[in-house]
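Have a look at the structure below before the remarks.
Just so it is clear, none of the values below were taken in a lab; they were calculated from the coordinates. From a predicted model like this one, the values you see are computed outputs, not experimental measurements. All Cβ positions, glycine included, derive from the backbone under ideal geometry; neighbour counts span all protein chains shown.
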Amino acid sequence: MNRQGVSVVVLTVIALVPALALGGLWQYADTNVPPPTTTTTTTLPPEPTPELATQLLSLRRHPTPLADAAAAAAGEATLSRLVSELTTRLGAGACLHIVADDGTVVAELAPTTPVIPASTHKLLVAAVALDVLGPDYRFRTELFAAGPPVDGVIEGDVYLVGGGDPLLVTADTPDPQRFPAFNTTPIEPLVDALVELGTVHIEGALVADGSRYDDEFQPPSWGAELTNYDGGPVDALLIDDGQIDPGNYGLDPNFSAARVFTDLLIERGITVVGQTDSRPRPADVELVSLGFVESRPLTDVLVELLHTSDNNTAEMLLKEIGFVATGTGSRQDGIDTVWAQLGEWGVPLAGVSLADGSGLSRANQLTCAALTGLLTKAPTAPAVIDLLPVAGRDGTLADQLLGTPAEGVLHAKTGTLTAVKGLAGVQPDSNRDDVTFALVLNGDGVADPSIHGPLWRQLVELVAQLPVVVEPDVTPFGPR
């Protein structure tokens, strides 16, 4: 190595010495700086959770279906208990059918066993009358003669022609029934019509014509214990339920009506020369109308029928159904029409037998399934239900079921005969959905309020609790 090369190396070493010295001083200073002050929070771990004994694939890992099934079973058990508490008290000769709004049968006891229905039978006549006659149908009672009065005189007979109005009344004759008729048709306007025509003298007779119906004045199956107070005789012309004067019923309702009307004419100063009579008007003589009166619409007549349980109204409606449907106003034609219509609606008719329109006959046989079937299947059923009396409010139910869940909301038809008591209709459940029911009791003493009253209350309390729902509780079914 030459001198010049040595000098370069020496100079380089001399230059590095200060740099190395500075680096060492920096490292010394950095290691002597105290570390920053910090605060450390120590969080203890949670207590260990006990290991679940329930296996991973156990149903307890999914408790909701178990809870739902248990709640449903508890609800069914509660309903079964409530139903059993009622049905075990009904005894032999009873039928029960309770149907929820969706058609589910909630409770039943001998629902297809035939029983004597009493006046629950009137539901059938009301429903079919609405269908065959129509809600606006009116009954007309009309006066006919050979001609109007001339100089105040009508030559020949005057015919009072009945049109089947069951509610013709006079103003001065009281109704002796426990539930007096209403929505009635006063007969006096027909007398007014003759007076307004200037009539003062009828040369012939006042003749009653009830030939619209046959002359079977009451069903042959009615028992001998029934009186005129209970029902009949009826025909197409009926005034004051066949009374000639208060409490005095005639054998021929048409003749009784003629006598009553003749008396009204005399009271208004019209002389009637001929003998009062009952027969059809002549078919070969042209007659003119001197005036008429019409009943209220059929719906109003049905309100009276269902609220007062009017037996005469029911029997006359049955004959009118027959007259309109077949041209013959007979009980049997009415029954045949009712039967055919019920079958068309799908009302179960096994064991059913119809003998009259009112339910007075013990030959009538209905089932609770037929009654609920009518109230759920008939197209006219909603209208009929609206026309029924309400518990604790009106009609035959005015003083019934007071203080129960049925008061003010249950619509039903009652039925009463010796050893028979019935109730059929509709009551809302706890969700305000309609529940249809029929309960008919046949047996000694069942018409006594002390016997059927508690059963009615138990029935309506059961309906008020429907649907029986138990809320699911998953607690007992969760993992352990």
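Centroid-to-centroid, using Cα positions, the stretch 246-311 and the stretch 380-405 are 32 Å apart.
Computed per residue of the chain from DSSP H runs no shorter than four, each worth -39500 (n - 2.57), the mean residue ellipticity at 222 nm is -11500 deg cm²/dmol. Relative protection proxy for 366-378, 286-298, from highest mean packing down: 366-378, 286-298 (other beta-carbon atoms within 10 angstrom). Using the Cα coordinates of the chain, the gyration tensor eigenvalues translate into equivalent-ellipsoid semi-axes of 92, 30, 19 Å, sorted from longest to shortest. Rounded to the nearest 20 debye, the dipole magnitude of the chain is 3460 debye, with +1 charges on Lys and Arg beta carbons, -1 on Asp and Glu beta carbons, and the Cα centre as origin.
Give me the distance between the Cα centres of the stretch 111-149 and the stretch 329-343, rounded to whole Å. Taking the Cα centre of the stretch 329-343 as reference, the centre of the stretch 111-149 is 11 Å away. DSSP finds beta bridges in the stretch 140-296, and of those with both partners inside it, around 50 percent are antiparallel. Among bridges DSSP assigns within the chain, what percent are antiparallel (round to 5)? Rounded to the nearest five, the antiparallel share is 75 percent. The smallest convex shape that holds all Cα atoms of the stretch 140-296, its convex hull, gives 107 Å³ per residue. Summary of packing: across the peptides 76-89, 382-395, the per-residue average of other C-beta atoms within 10 Å ranks them, highest first, as 382-395, 76-89.
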